[in-house]
Amino acid sequence: MKTPRSEGWVPPYSRTAEIYDELVGETLFEGWRENYRRLKKHMDMPVKVCADVACGTGLAARYLAEEGARVYAVDISCEMLRVARRRLADLPVIALRQDLRSLDLPEEMDMITCNGDSLNHLLNEGDLLRALTAFKNNLRPQGYLIFDVNTHYQLASQNDASLWKARQGRTRMYWKSSYDEKKRTALLLMSHVEEGALGNILYREAHRERGYDREEVERALTEAGFDKVLSWDASGLGPVTSTTRRLQFLARRGGAHPKRRKERR
């Protein structure tokens, strides 16, 4: 077998965007959809306009649009947005490329969602606070934020020093993970060999995530300006324990409700 031509390191998700749903996207979406349907009972307002931030391939954005909301689908990855735009082409969804730490939407949202452990890609508490503050600033008063994060326990327990191999169509994948206990950071190295008529090409992606515990996230939400914070174990929305792998949050922006504020004028 010939050694594949190497294109070196490429940005995260640049080579996995087209196969992301088959790898993990569909499974993550199904879990999110089940939780979202149950979490809606905790929101005391209709969702007319919303944003799905770090929207990935657009599965959640499409679901929200089909539920009747006007939706903004936001991601920093050009490749993920390309897939999302194809999926959302027949719906009134606006796709935007933005960094979630400096989110700047054209209007205030009733709700913002951020799913699939996206906030774990922020590797320090300062960036987490920046993101949550940006989310708050783009919500209308009394608007809601729904998101999940992987815990420290989840990332530490998933450390796998052995090489993981798989094939997806004409792509051979080799993944290996490690965990830095001191930094609480997981590193997933992904090597993809894409087979083509003119030979094979090797691409490499590096994905880093930081684990967050409930107390860290709740403290950041309060500092960012949220006045109602609810949290669960994302698996079944049960109570949070020391072995919770993923946390599910629902938070409400503080401040007067727009209707009340208007009445005072």
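The values are calculated or read from the model by the stated rules, or taken from the named source; none is laboratory data. All of these numbers come straight from a predicted model, not from anything done at the bench. Every residue, glycine among them, receives a Cβ derived from its backbone with ideal geometry; neighbour counts consider all protein chains shown. Calculation scope for accessible area: heavy atoms of the full protein, side chains included, ligands and nucleic acids excluded. Shrake-Rupley method; radii C 1.70, N 1.55, O 1.52, S 1.80 Å.
Summary of values
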{"read-out": "Filtered residue count, the range 53-69, keeping only those that are among the hydrophobic types (A, V, I, L, M, F, W, C) and open to solvent by 20 Å² or more (accessible area, probe 1.4 Å)", "value": "2"}
{"read-out": "Residue match in the range 224-236 (condition: aromatic (Phe, Trp, Tyr) and buried (at least 17 other Cβ atoms within 10 Å of the Cβ))", "value": "yes"}
{"read-out": "Filtered residue count, the range 130-179, keeping only those that are in a strand (DSSP E or B), closer than 24 Å to GLN98 by Cβ and open to solvent by less than 40 Å² (accessible area, probe 1.4 Å)", "value": "11"}
{"read-out": "Top-ranked residue of the range 180-195 - restricted to ones that are over 21 Å from the mean Cα position of the chain (by Cα) and closer than 30 Å to ALA61 by Cα, ranked as most open to solvent (accessible area, probe 1.4 Å)", "value": "GLU194"}
{"read-out": "Which listed residue is in contact with a Phe, Trp or Tyr (Cβ under 7 Å, 6 or more places away or on another chain) and among the β-branched types (Val, Ile, Thr), from VAL193, VAL217", "value": "VAL217"}
{"read-out": "Test: VAL83 is over 21 Å from LEU221 (Cβ atoms), among the hydrophobic types (A, V, I, L, M, F, W, C) and at pLDDT 95 or above", "value": "yes"}
{"read-out": "Leading residue by the ranking (nearest to PRO11 (Cα to Cα)) among those in the range 119-129 that are open to solvent by 20 Å² or more (accessible area, probe 1.4 Å) and assigned to a helix (DSSP H, G or I)", "value": "HIS121"}
{"read-out": "Counted residues, the range 70-109 - those being within 23 Å of HIS42 (Cα to Cα) and open to solvent by 10 Å² or more (accessible area, probe 1.4 Å)", "value": "3"}
{"read-out": "Test: residue in the range 196-217 that is open to solvent by 50 Å² or more (accessible area, probe 1.4 Å) and touching a Lys or Arg at 6+ places or on another chain (Cβ under 6 Å)", "value": "no"}
{"read-out": "Residue under evaluation ASP227, criteria (1) modelled with pLDDT of 95 or more; (2) within 27 Å of LYS41 (Cβ to Cβ); (3) assigned to a strand (DSSP E or B), criterion not met", "value": "(1)"}
